[in-house]
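Visitor: There's a structure below that I have some questions on.
The values are calculated or read from the model by the stated rules, or taken from the named source; none is laboratory data. All of these numbers come straight from a predicted model, not from anything done at the bench. Glycine gets a Cβ as well: all are built from the backbone with ideal geometry, and neighbour counts include every protein chain shown.
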Amino acid sequence: MKRAILCILVLSAACSKGGGGTDKSAAGSDSGGAAATAAPAASTGPTGDGVITGTVHFAGTAPANPTIDMSEEAACKAKYTSNPVDSQYVVNNGGLGYTFVYVKSGLPAGATYAPPATPAVIDQRGCEYHPRVFGMQVGQKLEIKNDDPLLHNIKAVPHVNRGFNISQPTAGMTTTRTFDKQEVMVPFQCNVHGWMQAHAGVVSHPFYAVSSPDGKYTIKGLPPGTYTIEAWHEKLGPQTTTVTVGKGESKTADFNYSPKA
Amino acid sequence: MRDFLSWLLPPGASTFTGEIDWLYNTILVITGIAFVLVEAALVVFLVRYRRRPGRRATYTHGSTRAEVIWTTVTALVVVWIGLASAGGWHRIKARDAAPAGAYPLLITAKQFEWHITYPGKDGKIGTPDDFTVRSQLHVVVNRPVAAVLESEDVIHSFFVAPWRIKQDAVPGMRIPVWFQPTKVGTFELGCAELCGLGHYRMRAVVTVHTQEDYDRWVATRAGAVTASR
Amino acid sequence: MATSIPRTGQGGGMAFGGDAHAHHDDRTFLRKYIFSTDHKIIGIQFLLMSLLFLLLGGVLAMLMRWQLGFPGQPLPAGGGMLPETMAARGVILPEFYTSLVTMHGTFMVFFAIMPLLVGVFGNYLIPLKIGAPDMAFPRLNMASFWLAVPAGFLMLSGFFVEGGHAAAGWTSYAPLSANSEYSGVDMGQKIWCVSLIVLGLSSILGAVNYITTIIQLRAPGMHWFRLPLSIWSLFVTACLVLLAMPVLSGAIIMLLFDQTIGTHFFLPPKGGQPLLWQHLFWFFGHPEVYILILPAMGMASDIIANGSRKPIFGYTSMVLAIIAIGFLGWGVWGHHMFMSGMNPTLGTTFMISTLLISVPSAIKVFNWLGTMWEGNITFHVPMLHAIAFVSMFVIGGLSGVFMAAAPVDIYIHDTYFIVAHLHYVLFGGSLFAIFAAVTYWYPKMFGKLMSERWGKVHFWLTFVFYNCVFFPMHQLGLQGHMRRIYDPNQYEYLRHLQPLNTFISISAFCLFTAQIIFAVNFISSWFRGAPAGNNPWLDNGLEWTLPSPPPHGNFATVPTVYRGPYEYSSPLVEEDYLPQDRQLPPSPGAPRAPARPQPPLMPAPHPSSPTH
């Protein structure tokens, strides 16, 4: 009898393994605008050697980032030499970091791009997400890691994709999840540490980038065409611009943000 | 014997300790006596009236007198416990139980943090000099505190064991809770109502200061911009 | 008083006490054993189903105890095979732990204890003990079982869905249960709701049946005050089920609407009221507590009278106590909500009503003691379990006084003190009574005797380890150890309790292992047990006049009842029992009725002894 129960448990284990890793939601409406594909299909979409580079500018002085009071999380506080801050604004030499830039439209309809084999990674370290803004492809694996010796829960609250809320109680844990629809952006939060916020831009193609701390970004491998490029910042929102890239061309597209009124 | 095998409550640190511990000890004595009497009678009967050759059970259907006696005694005892409890319950929990002039606090529970809002210099909640600290409850020794409990999401429960105080925080309700710490030191505040997967980690540190210490702590806090949600 | 109805027994002229196999039955296997309308088969079906769920509930408890006894350590023996949604490299995850807490409670309350008491013994005992051929509505009865089975398997399926199983506790407090954003559980929570709605329907069908049967189908002479206490308690229980389950079903339907179609009965952001759920749940939940203990009390009474060879002490006050509990049980639900934010003035009222309801429970304990006093106590296995039931229920009842006193409840509410208390009532009380009842009526159900020796081994191991598991939980609670926490070591003031938690866990594993003895004894006795005979315990009840197992339709001729069920050691007869249906010569001066041949198992009561 005990064995029978064990069998049931094992069976249940096998079943949830099938359904747990990947969210299989039915295809629904898509707010991202671009075509959404659920299955990691083979690439049919065109690629090329066009390049878009640019800088996300920030005019004026950035608002001060709030400090984080980690006194009740000694293990995290120990990882900082000074008071940790919530890096909402990263501005260097007039460039704005942590801005997600991607091709919003302009690719041929129905083009699909196989997700890369290497997973996107988000790491919880010192009670902060690293990186706090990142891009990943539809169907690409997202590896969620915990480097802190304490509980984090990772709650993804998307609107289009299926959300999840899982926990990692100890250091060294890794959990893998995927998203099967384009969505810019998917927010992540930790309810144990209310200040922890991250955002993932999930897009159906490989043409995206996140600006470096001085605001620079590069998108490579574009086929010739006219593209709408969108930039997104967690506090300042989206901006778009249009760029036409010819074969082998390298174009520049800059964005200009200013402090919120 | 290790302390955790004790039947006594652990040391208390608030004005509720006396009342609750007295009632607890009283009930412990009453139920202890009942327990010993009943179980001893049971064991004696089992041994004395075990089946032996040649014995036959006494044929009886009961005794009205015995029934009346033990029903009355039990009823009197429990009614007395009820009366003895009513006063303390009222003093601790009644909506208007907090003494006048108690120090106000706003305690907001959310998955899985305690956000404590302090009144700042003016001693009033809801003014611009309020400040909110995550998962740190600072209070002054021997000064009554009248807190209001709120919740942002699900039901939580405010529990400080040495203070003998527990109160659920219910979303959509503002529930008053008061207490008066009597010992300086550091304690722990825990969540006592299942509130999700991080329930076990929803704790905060409680620091009971002297008035001077507390004022110093408030001074370091005022004006600081901190990230919470 | 009793209504005489035409008998439909198919035993066709079979002699009283004849051989079960002699009677012919042209029903197909499917109608006879699977979709049977025979209350006895349905009772046995419920027994097998609920024992399986009892085992499952036990496995869930073992997983929890592993995490509490050895926090953060990988599960031994196959734990690594659990999927990453439940355990990371064999270490149970917090979200799985909350599911375990929830489902252990749900399975034990709704799919193990409740069907064991009400489904099994309500079905099996009521017609046999009142002298009826079957239930009043046999098809309804079959429907009741065949609703419970899919409900159970639906509940089980929740473990396999995305997001895991329901994780808001067996009490399913809203808003945690009402909005998946808070718990991370979506489908599991809905499955929990639907399954319990189906189970509620099953229980209601059963309850209607029990009430009607007891009122309408009693044999001639079976006055209300000649009913065995087991039947009385099942009658009051059925009334409670009939009135309480619809409240739960209604509340769960509201909860399901909140989860699925966007209502907000319990969701405050749009004006809902979380306390409404608690009021509805506990308005069902407290009568439910008595549903889970009353039948246990009744059956234990039958067994204690039999084991003591003495009439039950204070039969009338026992009946009145059952009825009083049935009424008072409706007015005490608020004591689950002392800390909920409910108006404290209301708390005082509930405190008084709660303390009062302990009076009828105390009366019952004293009467059981009175029954054993000057008895001639036989320690057969059912009696051992029944004695354990009394002594453990005493602890559970007394620890209840602490939380009834609201100021003390402030401290111990939602701590392990409550966990200890409820397990002393539901395991120490209900489950010991269930073991008593199963071992007592097993010979009647299957026609075989269970092994006495292994029964005693199982009893003693269970009794000892049970106390090792649950008694120290009082101490955990007194130190302020909250319930339902995944890792108490997160709190500094609870860290010194880890050795105690480890001790409890090891005892729990032993307790679980000891149940294998019961399972083996149960199964092997079915095939290899000694023939039981009609009346192995020398009991007075009508069921013991029938062959074991009784034939379809039960009684070949309608029995006539001459007396109550507890006429043990009556001076009217030589032997120490007097069956309810035996007609004695009318005049007291007449010679005593001749003794019947004694079946085995019980030592002979020495009728020739000069001491009486």
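Visitor: Given the options C:GLY262, C:GLY272, C:GLY285, C:GLY250, name the one that is within 14 Å of chain B (Cβ to nearest Cβ) and either of a type outside the set (Ser, Thr, Tyr) or in a helix (DSSP H, G or I) (or both). Let's see the steps before the verdict.
Guide: On the way: C:GLY262 fails: within 14 Å of chain B (Cβ to nearest Cβ); C:GLY285 fails: within 14 Å of chain B (Cβ to nearest Cβ); C:GLY250 fails: within 14 Å of chain B (Cβ to nearest Cβ).
Result of the check over C:GLY262, C:GLY272, C:GLY285, C:GLY250: C:GLY272.
Visitor: Name the one entry in C:TYR416, C:TYR411 that is more than 10 Å from every other protein chain (Cβ to nearest Cβ), touching a residue at least 60 places away in the same chain (Cβ under 8 Å) and within 30 Å of B:ILE92 (Cα to Cα).
Guide: Details: C:TYR411 fails: more than 10 Å from every other protein chain (Cβ to nearest Cβ).
Answer to the selection: C:TYR416.
Visitor: Here is a list: B:LYS124, B:LYS166. Which entry is surrounded by fewer than 19 Cβ atoms within 10 Å (Cβ to Cβ) and either part of a loop (DSSP other than H, G, I, E, B) or in contact (Cβ under 8 Å) with a residue 24 or more places away in the chain (or both)?
Guide: Step by step, each of B:LYS124, B:LYS166 is checked, and only B:LYS124 is surrounded by fewer than 19 Cβ atoms within 10 Å (Cβ to Cβ) and either part of a loop (DSSP other than H, G, I, E, B) or in contact (Cβ under 8 Å) with a residue 24 or more places away in the chain (or both).
Visitor: Return yes when C:ALA207 is among the hydrophobic types (A, V, I, L, M, F, W, C) and either over 20 Å from C:GLY43 (Cα atoms) or without any contact (Cβ under 8 Å) to a residue 24 or more places away in the chain (or both) and no when it is not. Working first, answer last.
Guide: Details: among the hydrophobic types (A, V, I, L, M, F, W, C): yes; either over 20 Å from C:GLY43 (Cα atoms) or without any contact (Cβ under 8 Å) to a residue 24 or more places away in the chain (or both): no.
Taking the combined requirement at face value, the residue does not satisfy it.
Visitor: Check whether at least one residue in the range C:441-460 is away from chain B (no Cβ under 14 Å), out of contact with any Leu (no Cβ under 8 Å at 6 or more places or on another chain), outside any helix (DSSP H, G or I) and among the charged types (D, E, K, R), and report yes or no.
Guide: Checking the range C:441-460: at least one residue is away from chain B (no Cβ under 14 Å), out of contact with any Leu (no Cβ under 8 Å at 6 or more places or on another chain), outside any helix (DSSP H, G or I) and among the charged types (D, E, K, R).
Visitor: Right, another one. Kindly list the number of the only condition in (1) touching a Lys or Arg at 6+ places or on another chain (Cβ under 8 Å); (2) more than 21 Å from C:PHE389 (Cα to Cα); (3) facing another protein chain (nearest Cβ under 10 Å) that fails for C:LEU256.
Guide: Unmet for C:LEU256, out of (1) touching a Lys or Arg at 6+ places or on another chain (Cβ under 8 Å); (2) more than 21 Å from C:PHE389 (Cα to Cα); (3) facing another protein chain (nearest Cβ under 10 Å): (3).
Visitor: Of the residues C:LEU242, C:LEU255, C:LEU234, which single one is more than 19 Å from C:ILE323 (Cα to Cα) and either assigned to a loop (DSSP other than H, G, I, E, B) or hydrophobic (A, V, I, L, M, F, W, C) (or both)? Steps first, answer last, please.
Guide: Numbers: C:LEU242 fails: more than 19 Å from C:ILE323 (Cα to Cα); C:LEU234 fails: more than 19 Å from C:ILE323 (Cα to Cα).
Criteria check complete, one pass: C:LEU255.
Visitor: Which condition does C:GLY169 not pass, out of (1) under 16 Å from C:PHE266 (Cβ atoms); (2) assigned to a loop (DSSP other than H, G, I, E, B); (3) within 27 Å of the chain's Cα centre (by Cα); (4) within 14 Å of chain A (Cβ to nearest Cβ), if it passes all the others?
Guide: So the condition that C:GLY169 fails would be (4).
Visitor: Any idea which of (1) among the β-branched types (Val, Ile, Thr); (2) part of a helix (DSSP H, G or I); (3) farther than 30 Å from C:GLY370 by Cβ is the one B:ILE107 doesn't satisfy?
Guide: (2)
Visitor: Among the residues of the range C:349-368, is any at the interface with chain B (Cβ under 7 Å from one of its Cβ atoms), more than 26 Å from C:THR237 (Cα to Cα) and modelled with pLDDT under 95? Let's see the steps before the verdict.
Guide: Of all residues in the range C:349-368, those at the interface with chain B (Cβ under 7 Å from one of its Cβ atoms) come to C:351-352, C:355-356, C:358-359, C:362-363, C:365-366.
Filter once more, keeping what is more than 26 Å from C:THR237 (Cα to Cα): none.
No: the range C:349-368 contains no residue that is at the interface with chain B (Cβ under 7 Å from one of its Cβ atoms), more than 26 Å from C:THR237 (Cα to Cα) and modelled with pLDDT under 95.
Visitor: Also: I need the full set of residues from the range B:75-103 which are farther than 30 Å from B:THR31 by Cβ and touching a Lys or Arg at 6+ places or on another chain (Cβ under 7 Å), in order please.
Guide: Keep residues of the range B:75-103 that are farther than 30 Å from B:THR31 by Cβ, which gives B:95-96, B:98-103.
Correct list: B:TYR103 only.
Visitor: Would you point out the residue of the range C:309-320, among those that are buried (at least 23 other Cβ atoms within 10 Å of the Cβ) and either in contact with a strand residue (DSSP E or B) (Cβ under 9 Å, 6 or more places away or on another chain) or more than 7 Å from every other protein chain (Cβ to nearest Cβ) (or both), that is nearest to B:VAL68 (Cα to Cα)?
Guide: Among them, the one singled out is C:MET318.
Visitor: Please list, ordered by first then second residue, the pairs with beta carbon atoms under 6 Å, 6 or more apart or interchain, first in the range B:10-33 and more than 16 Å from C:HIS474 (Cβ to Cβ) and at the interface with chain C (Cβ under 10 Å from one of its Cβ atoms), second buried (at least 19 other Cβ atoms within 10 Å of the Cβ) and of a type in the set (Phe, Trp, Tyr).
Guide: B:ILE20/C:TYR411
Visitor: Another one. What's the number of the only condition in (1) in contact with a Ser or Thr (Cβ under 9 Å, 6 or more places away or on another chain); (2) farther than 21 Å from B:GLU19 by Cα; (3) modelled with pLDDT of 95 or more that B:HIS156 fails to meet?
Guide: Of the numbered conditions (1) in contact with a Ser or Thr (Cβ under 9 Å, 6 or more places away or on another chain); (2) farther than 21 Å from B:GLU19 by Cα; (3) modelled with pLDDT of 95 or more, the odd one out for B:HIS156 is (1).
Visitor: From the list B:PHE187, B:PHE112, exactly one residue is in contact (Cβ under 8 Å) with a residue 60 or more places away in the chain and surrounded by fewer than 23 Cβ atoms within 10 Å (Cβ to Cβ). Which is it?
Guide: Working: B:PHE112 fails: surrounded by fewer than 23 Cβ atoms within 10 Å (Cβ to Cβ).
Matching residue, one of B:PHE187, B:PHE112: B:PHE187.
Visitor: Given the criteria among the β-branched types (Val, Ile, Thr) and either crowded, with 21+ Cβ neighbours inside 10 Å or within 14 Å of chain A (Cβ to nearest Cβ) (or both), does C:ILE506 qualify?
Guide: Numbers: among the β-branched types (Val, Ile, Thr): yes; either crowded, with 21+ Cβ neighbours inside 10 Å or within 14 Å of chain A (Cβ to nearest Cβ) (or both): no.
Taking the combined requirement at face value, the residue does not satisfy it.
Visitor: What's the total number of residues in the range A:56-84 that are more than 12 Å from chain B (Cβ to nearest Cβ) and in a helix (DSSP H, G or I)?
Guide: Within the range A:56-84, the subset more than 12 Å from chain B (Cβ to nearest Cβ) is A:56-62, A:75-82.
In the following step, the residues that additionally are in a helix (DSSP H, G or I) were identified as A:75-77.
Number satisfying all stated conditions: 3.
Visitor: Residues of the range A:198-228 being farther than 23 Å from A:VAL90 by Cα and of a type in the set (S, T, N, Q), which ones?
Guide: Once the filter is applied, which keeps residues that are farther than 23 Å from A:VAL90 by Cα and of a type in the set (S, T, N, Q), the range A:198-228 yields A:SER204, A:THR226, A:THR228.
Visitor: Going residue by residue through the range C:478-497, is there one that turns out to be farther than 30 Å from B:LYS166 by Cα, within 14 Å of another protein chain (Cβ to nearest Cβ), part of a helix (DSSP H, G or I) and in contact with a Gly (Cβ under 7 Å, 6 or more places away or on another chain)?
Guide: So in the range C:478-497, the residues farther than 30 Å from B:LYS166 by Cα come out as none.
Looking through the range C:478-497, none of the residues is farther than 30 Å from B:LYS166 by Cα, within 14 Å of another protein chain (Cβ to nearest Cβ), part of a helix (DSSP H, G or I) and in contact with a Gly (Cβ under 7 Å, 6 or more places away or on another chain).
Per-residue answers, yes or no, for (1) touching a helix residue (DSSP H, G or I) at 6+ places or on another chain (Cβ under 8 Å); (2) facing chain C (nearest Cβ under 7 Å); (3) in a helix (DSSP H, G or I):
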position	(1), (2), (3)
B:VAL47	no, no, yes
B:ALA57	yes, yes, no
B:GLU67	yes, yes, yes
B:VAL77	yes, no, yes
B:ILE81	yes, yes, yes
B:TRP89	yes, yes, yes
B:ILE92	yes, yes, yes
B:ARG95	yes, yes, no
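Visitor: Taking only the range B:178-193 into account, find how many residues are in contact with a helix residue (DSSP H, G or I) (Cβ under 7 Å, 6 or more places away or on another chain), facing another protein chain (nearest Cβ under 8 Å) and not aromatic (Phe, Trp, Tyr).
Guide: Taking the range B:178-193 first, the residues in contact with a helix residue (DSSP H, G or I) (Cβ under 7 Å, 6 or more places away or on another chain) are B:179, B:181, B:187-188, B:191.
Retained after the next criterion (residues that are facing another protein chain (nearest Cβ under 8 Å)): B:187-188, B:191.
Next, from what is left, pick out any that are not aromatic (Phe, Trp, Tyr): B:188, B:191.
The total comes to 2.
Visitor: A further question on this structure: Considering only residues that are within 7 Å of another protein chain (Cβ to nearest Cβ), touching a Ser or Thr at 6+ places or on another chain (Cβ under 7 Å) and not polar (S, T, N, Q), which ones fall in the range B:132-143? Spell out the reasoning first.
Guide: Taking the range B:132-143 and keeping what is within 7 Å of another protein chain (Cβ to nearest Cβ), we get B:133-136.
In the following step, the residues that additionally are touching a Ser or Thr at 6+ places or on another chain (Cβ under 7 Å) were identified as B:134, B:136.
Answer for the range B:132-143, where residues must be within 7 Å of another protein chain (Cβ to nearest Cβ), touching a Ser or Thr at 6+ places or on another chain (Cβ under 7 Å) and not polar (S, T, N, Q): just B:ARG134.
Visitor: Follow-up. Only one of these is small (Gly, Ala, Ser), part of a strand (DSSP E or B) and more than 10 Å from every other protein chain (Cβ to nearest Cβ): B:ALA204, B:ALA219, B:ALA146. Name it. Let's see the steps before the verdict.
Guide: Numbers: B:ALA204 fails: more than 10 Å from every other protein chain (Cβ to nearest Cβ); B:ALA219 fails: part of a strand (DSSP E or B).
Result: B:ALA146 is the single residue among B:ALA204, B:ALA219, B:ALA146 that is small (Gly, Ala, Ser), part of a strand (DSSP E or B) and more than 10 Å from every other protein chain (Cβ to nearest Cβ).
Visitor: Right, next: Taking strands (runs of 3 or more DSSP E) that fall entirely within the range A:142-261, which contain at least 1 residues that are within 14 Å of chain C (Cβ to nearest Cβ) and free of Cβ contacts under 8 Å to residues at least 24 places away in the same chain? Don't jump to the end; show me each part of the working.
Guide: Values: elements: A:142-146, A:152-156, A:164-168, A:174-177, A:183-189, A:197-203, A:208-210, A:216-222, A:225-233, A:237-245, A:250-252, A:255-257.
Answer list for the range A:142-261: A:164-168.
Visitor: So, one more: Kindly indicate whether B:ASP129 is surrounded by 17 or more Cβ atoms within 10 Å (Cβ to Cβ), assigned to a loop (DSSP other than H, G, I, E, B) and touching a Lys or Arg at 6+ places or on another chain (Cβ under 6 Å).
Guide: Details: surrounded by 17 or more Cβ atoms within 10 Å (Cβ to Cβ): no; assigned to a loop (DSSP other than H, G, I, E, B): yes; touching a Lys or Arg at 6+ places or on another chain (Cβ under 6 Å): yes.
No: the conditions fail for B:ASP129.
Visitor: Let me ask something else about it. Before we move on, is C:ALA151 away from every other protein chain (no Cβ under 14 Å) and part of a loop (DSSP other than H, G, I, E, B)? Before you say what the answer is, go through the steps one by one.
Guide: Values: away from every other protein chain (no Cβ under 14 Å): yes; part of a loop (DSSP other than H, G, I, E, B): no.
Considered against the rule, which asks whether it is away from every other protein chain (no Cβ under 14 Å) and part of a loop (DSSP other than H, G, I, E, B), C:ALA151 comes out as no.
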